[in-house]
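Encoded as structure tokens, the structure appears first; notes follow it.
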Amino acid sequence: MDLYKDDFKYPSVNNWVGYIKARAFTANGAIPLPGVSVIVRSGEDGGNAIDVELKTDGNGETPTAEVPTPLASAGDAPGETRPYAVYDIEAYLDGYYPYRALSVPVFGDTLTVQPIGLVPLPLYDGETVRPDLPGEGNPDGQNDA
């Protein structure tokens, strides 16, 4: 995976911004997932505001998002502000369990790549097969002939 693709060439000269990119996949990283909605929220003070909303491409990767961070020098002295910001990252795709990573640290002038492993929902819930799949209504998944 090339982290320095077209959408991220060089870090900013301002060290009060950081970068977040997500990579969504299933099957332990074997299958990239396109079309995943990735939401990045500030992890500070409840983080209710949506900072960035992204979608994965055919390779399962989002564009690189620029997010605010403290100055890198903020952690130089004890007791001062920590030198990173924290963000909560959520991902959604129909047919998969939702994903959530809390308090992901993002440092200024640094690219943070968040791996998102999505787990498929079960095909059979004990009574019915998911209606959008072949074999609808048949627990064994076979079509009626």
### Summary
Counting sequence-distant residues (5 or more places) and residues on other chains, those with an amide H built under 5 Å from that of VAL67 are GLY18, TYR19, ILE20
#### Entry: Prolate/oblate/rounded call for the range 17-117, Cα gyration tensor, a/c under 1.5 rounded
prolate
### Query
Can you tell which of ALA65, ALA91, GLY43 lies farthest toward the positive end of the dipole of the range 17-117, using +1 and -1 charges on the Cβ of basic and acidic side chains (Lys, Arg; Asp, Glu)?
ALA91
### Message
Taking 0.36 nm per residue of sequence separation and subtracting the Cα-Cα distance, how much length would be gained by fully extending the chain between ALA101 and ALA72, in nm to one decimal?
### Response
8.1 nm
### Query
Assigning unit charges at the beta carbon (Lys, Arg +1; Asp, Glu -1) and nothing else, what dipole magnitude in debye, to the nearest 20, does the range 17-117 show about its Cα centre?
300
### Fully extended contour minus Cα-Cα distance, from ARG82 to LYS55, at 0.36 nm per residue
6.7 nm
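Read-outs throughout are calculated quantities, based only on the coordinates presented, and are distinct from any laboratory measurement. Just so you know, these numbers come straight off a predicted model, no measurement behind them. We place every Cβ from the backbone using ideal geometry, glycine too, and count neighbours over all the protein chains shown.
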